[in-house]
Amino acid sequence: MTITVAERQKKRPKKFHRRGNSAALFERAKKVLVGGVNSPVRAYQAVGGEPVFVQRGKGAILWDADGRRAIDFVGSWGPLILGHGPTAVLRAARRALRNGTTFGAPTELEIRFAELIRQAVPSMEKVRLVSSGTEATMSAVRLARAATSCAKIVKFSGCYHGHADAFLVQAGSGALTLGAPTSPGIPEEISRHTLVIPYNNTDRLRSLLEERSDVAAVIVEPVAANMGVVPPAEGFLEALREATRRHGTLLIFDEVVTGFRLSWGGAQGAFGVTPDLTCLGKIIGGGFPIGAFGGSAGLMKHLSPEGPVYQAGTLSGNPVTVSAGFAALKVLRENDPYAGLAQKTRDLAAEIRSLARRFRHDVTVNAAGSMFTVFFTAGPVTDEDSAKRSDTAQYARFFHHLLDAGVYFPPSQFEACFMSTAHTDGVLKKALKAVHTAFKEL
Ligand code: PMP
């Protein structure tokens, strides 16, 4: 069978991101949405150019407003460990919708969902569901402050814990990229209660806790994902646990990203370090808005209605969200994809490193579980300072090369790439080919 030139051209994948409808949509969006987007990193300020407007996603693939396709390594910033539109999750959400969208009253599924979470993360003896990761971290800190009668919290520079006032101090991610580590609009009276020390620096934490007796909690991303991926140094999490316990300070693991991603039991399962409070989000909603926090029954009893610490939410435990999340967690429990995902990610990271070497680029690829970041620096990248040594202009060029070749990486150096179970060997081979060309042409 002969294929005509016209047919062959039709078969050739069209390039993602060549203006067209996305550009027109962005112009329209800017008239009614601030910066044309509903979350700052989506506006591409860190890489230049204009954002791609997405029409749909399936598996590892996204289609833009012009019908062009790209391999997606953003995965909606973490929730999509099963890729876009997994059948079990869509089916569960549709089934839930038949009964209505929200009741503002308890449902049986919330119990089963919390039981499943507790089974995976036993330190979450009692759980409260909320509607975003920000709500989870913000509420966990309120609870910690009430339980300890202390005001101060310790966070690590480069870690992001959502956009609540207390956290927007050297906050990584969008805040890093925009060069606005502390946002205006936050009274000094609030931010002075947040003490910031470098990630992976145990000595600084120890001396800080020696010096002060007013620290309610230490909050940490057990694997940092918001200055790019930065794994904890050997012994770092253990040292945090030991020091906080010794000083009567609570340890909060913000597992909004790592929960159900690093392992079925999250980072605490993978590293065998148990925090006092855990925050979840992203994956547990199956792609719908959600957050959760929890800890021992003794600690959680401070929360209303059992105790005086107020926290509430109109859509908390939303039946469609919980159904979708429950379906996603069940797939993860049954399929246990974690070892496979980590292996695929390690292999991809190794290939990217070797391509970078071949074309003489100073590149460090950090990987943890199914997350990785390609930093344009000789590295090593172990904290915010070393992450910030990256050549962000070079990353921006790399990003655009990949996008033009149909591979969608995060539009910022300081974000994680997320692998999903839908990233097959074939998909990854295509992605590597694009990385190869990008390094060659940079
Ligand atoms: N904690 C971490 C570690 C996060 O990465 C994020 C979001 N990227 C949040 C909290 C906040 O979650 P949300 O955007 O759902 O409010």
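The values are calculated or read from the model by the stated rules, or taken from the named source; none is laboratory data. This is a predicted model, so every value here is computed, not measured. Ideal geometry is used to build each Cβ from the backbone, glycine not excepted, and the neighbour counts take in all protein chains shown. Note: accessible area is taken over every heavy atom of the protein model, side chains too, but ligands, DNA and RNA are not part of it. Shrake-Rupley method; radii C 1.70, N 1.55, O 1.52, S 1.80 Å.
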Under-5 Å amide H pairs with residue 160, H placed in peptide plane, nonlocal only
225, 226
What do you get for GluC sites (Glu not before Pro) in region 183-266 restricted to DSSP loop and a cutoff of at most 10 other Cβ within 10 Å of the site's Cβ?
234
Just to be sure I follow: if Rg is taken over the C-alpha atoms of region 87-335 and Rh is the Kirkwood radius over the same atoms, what is Rg/Rh?
0.97
Can you check what the net charge comes to around residue 101, using other residues whose Cβ is under 14 Å from the Cβ of residue 101 (Lys, Arg +1; Asp, Glu -1)?
+3
Under Karplus coefficients 6.51, -1.76 and 1.60, residue-wise ³J(HN,Hα) of region 428-441 in Hz, glycine/proline x
5, 5, 5, 4, 5, 4, 5, 5, 4, 5, 4, 4, 5, 8
The chain, accessible surface, carbon-and-sulfur percent (1.4 angstrom probe)
51 percent
Cut-off 14 Å between beta-carbons: net charge of the residues surrounding residue 269, Lys and Arg +1, Asp and Glu -1
+1
Surpassing 23 Å at the alpha-carbon level, of the pairs 155/301; 152/301; 58/430; 126/282; 30/433, are 155/301; 30/433
Does region 355-400 classify as rounded, prolate or oblate by the C-alpha gyration tensor (a ≥ b ≥ c root eigenvalues; a/c under 1.5 gives rounded; else a/b over b/c gives prolate, otherwise oblate)?
rounded
Cα long-axis angle, helix 87-97 against the chain (0 to 90 degrees, to the nearest 10)
60 degrees
Between residue 154 and residues 5 or more places away or on another chain, which pairs have amide H atoms under 5 Å apart, with H built 1.01 Å from N, and which residues are they?
195, 217, 218, 219
Over the chain, give the accessible area per residue in Å² for a 1.4 Å probe, as an integer.
45 Å²
Of the trypsin sites (Lys or Arg not before Pro) in region 344-406, which ones lie in a loop per DSSP and count no more than 13 other C-beta atoms within 10 Å?
360
To the nearest 10 degrees, how steep is helix 338-358 against the longest Cα principal axis of the chain, on a 0 to 90 scale?
60 degrees
Send over the semi-axes of the chain's equivalent ellipsoid, whole angstrom and largest first, taken as the square roots of 5 times the C-alpha gyration tensor eigenvalues.
36, 26, 20
So for each of 278-287, 67-76, 407-416 I average, over its residues, the number of other beta carbons within 10 Å; can you give me the resulting order with the highest mean first?
278-287, 407-416, 67-76
Is the C-alpha gyration tensor of region 130-170 telling us rounded, prolate or oblate? Criteria: a/c under 1.5 is rounded; beyond that, a/b larger than b/c is prolate, otherwise oblate.
oblate
If I fit a long axis through the Cα atoms of helix 392-404 and take the longest principal axis of the Cα atoms of the chain, what angle between them do I get, 0 to 90°, rounded to 10?
50 degrees
Please give the charge dipole size of the chain, origin at the Cα centre, charges +1 on K and R Cβ atoms and -1 on D and E Cβ atoms. Round to the nearest 20 debye.
1880 debye
What is the local net charge at residue 138, summed over the other residues whose Cβ is closer than 13 Å to its Cβ (Lys, Arg +1; Asp, Glu -1)?
+1
Cα-based reach from residue 429 at 18 Å (exclusive), listing aspartates and glutamates while leaving out same-chain residues under 8 positions away
72, 347, 351, 404
